[in-house]
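Below is one structure, written out as structure tokens; comments come after it.
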Amino acid sequence: MKKLVILSAAAFLLCIKAYSQNTKVLEDGGSGPLKAIVIGEKTLPNHAVYRPADLSKIAKLPVMVWGNGGCANSSEGHQNFLNEIASHGYIIVAIGPFIASGEKMKEEDRKIRTTSANLLEGLDWLMAQNNDKNSPYYQKVDLSNTAVAGMSCGGLQTIEAAGDSRFKTVMVMNSGVLNGGASSGMPGMPAVTKEKLNSHHTPTLYVIGDSTDIAYNNAMDDFKLINHVPIVMSNLNVGHGGTYNQPHGGAFSPLVLNWLDWQLKGKTENTKLFVGQNCYWCGKDGWRIETKNFR
């Protein structure tokens, strides 16, 4: 069994001092057992890494790569959510450069439109780091358990990248393929069509708002069309913005953590949280759950 080491407050502070210029702490490191940091890695300048502060005594950690709403070149709009996930024992590589506390993003960086290739770049970097004996990530990354995820436009990037054989699960959040086809998208959005849904080869989770979410109809149509992999559609009574900016990522975080722990950490008991008429999340605190293709 993998062992998670809980970091003391003193040890946490020592870790932070070791990364003074390229690290920041959000919400006291998150509510999970592993205090998290956001870090800018010199060899990965176009991404930010959310991870437990001290990797020295931790077993291999599962991975999530993340695409932002608006296909933006910054994960700051989702940072509370991503930090919270990391504090429960995950390494997250999010598109967009690290921005230190109190600093503003460079205007030239802000104008960059990201692509689904940036998701794969993050995973490629982690693979290299995991094999580099001089890296703090050496043999700390569980590359057999990786997730690709994103919100809104980042969710379309996720769907574009979902066919990569390295991913073990897909999470599409506040997003869905546009019903009018690729030509109906806004400028800069991924030209994804419904046919791309056929590339999904792993269990898939959709996390969507209610009917006020502009992605609602597109997402629900995706759910109808995906008939070849297990899929969960989860709807919460919030709009398109979700709960990412709320403390610790709000209501989205515990549901997503339950899914990731099931899919990437082997907690098969979490099946009952999503599947079955009496599932834990079915009707809990405003959630509506639908499932297909589970045996």
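The values are calculated or read from the model by the stated rules, or taken from the named source; none is laboratory data. Every value quoted in this text rests on a predicted model; they were computed, and no experiment measured them. We place every Cβ from the backbone using ideal geometry, glycine too, and count neighbours over all the protein chains shown.
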Next item on the list: Kindly list, by first and then second residue, each pair from a residue in the range 244-255 that is closer than 16 Å to Ser234 by Cα and in contact (Cβ under 8 Å) with a residue 12 or more places away in the chain to a residue that is of a type in the set (Val, Ile, Thr) and surrounded by fewer than 22 Cβ atoms within 10 Å (Cβ to Cβ), limited to pairs with Cβ atoms under 6 Å and residues at least 6 apart or on different chains.
Entry: Gly250/Thr243; Ala251/Thr243; Phe252/Thr243
Notebook entry, point to check: Could we say that Gly242 is buried (at least 19 other Cβ atoms within 10 Å of the Cβ), more than 26 Å from Asn145 (Cα to Cα) and under 17 Å from the mean Cα position of the chain (by Cα) here?
Noted result: no
Next item on the list: Hey, can you tell me all the residues within the range 31-50 that are in contact with a Cys (Cβ under 9 Å, 6 or more places away or on another chain) and hydrophobic (A, V, I, L, M, F, W, C)?
Entry: Ile37
Next item on the list: Within the range 55-67, identify whether any single residue is within 12 Å of the chain's Cα centre (by Cα) and polar (S, T, N, Q), and answer yes or no.
Entry: no
Note to self: Go through (1) under 24 Å from Gly249 (Cβ atoms); (2) out of contact with any Ser or Thr (no Cβ under 8 Å at 6 or more places or on another chain) for Val172 and report which single condition fails.
What the structure shows: (2)
Next item on the list: For Pro190, state whether it is modelled with pLDDT under 95 and buried (at least 17 other Cβ atoms within 10 Å of the Cβ).
Entry: yes
Notebook entry, point to check: Which pairs do you get when a residue that is aromatic (Phe, Trp, Tyr), found in the range 113-130, comes within reach of a residue that is modelled with pLDDT of 95 or more and in a loop (DSSP other than H, G, I, E, B), reach meaning Cβ atoms under 8 angstrom, with the pair 6+ apart or on two chains?
Noted result: Trp125/Glu41; Trp125/Thr43; Trp125/Leu44
Check: Across the range 132-166, what is the number of residues that are in a loop (DSSP other than H, G, I, E, B) and more than 15 Å from Leu55 (Cβ to Cβ)?
Finding: 6
Next item on the list: Could you list, in sequence order, all residues of the range 230-243 that are in contact (Cβ under 8 Å) with a residue 60 or more places away in the chain and not small (Gly, Ala, Ser)?
Entry: Pro230, Ile231, His240, Thr243
Next item on the list: Test Ile91 against the criterion of being crowded, with 16+ Cβ neighbours inside 10 Å, out of contact with any strand residue (DSSP E or B) (no Cβ under 7 Å at 6 or more places or on another chain) and closer than 15 Å to Tyr50 by Cβ, and give yes or no.
Entry: no
Check: Does Asn46 meet the test of being over 15 Å from the mean Cα position of the chain (by Cα) and either surrounded by 18 or more Cβ atoms within 10 Å (Cβ to Cβ) or in contact (Cβ under 8 Å) with a residue 24 or more places away in the chain (or both)?
Finding: yes
Check: Got a sec? Which helices (runs of 4 or more DSSP H) wholly within the range 182-295 have at least 3 residues that are closer than 30 Å to Asp28 by Cβ and among the aliphatic types (A, V, I, L, M)?
Finding: 252-264
Margin query: Return the residues of the range 250-293 that are among the small types (Gly, Ala, Ser) and either within 23 Å of His228 (Cα to Cα) or at pLDDT 95 or above (or both); say none if nothing qualifies.
Written below: Gly250, Ala251, Ser253, Gly266, Gly276
Item checked: Neighbours by Cβ (under 8 Å, 6+ apart or cross-chain): first from the range 61-90, in contact (Cβ under 8 Å) with a residue 12 or more places away in the chain and within 10 Å of Met151 (Cα to Cα); second in a helix (DSSP H, G or I) and hydroxyl-bearing (Ser, Thr, Tyr) -> Gly67/Ser116; Gly67/Thr158
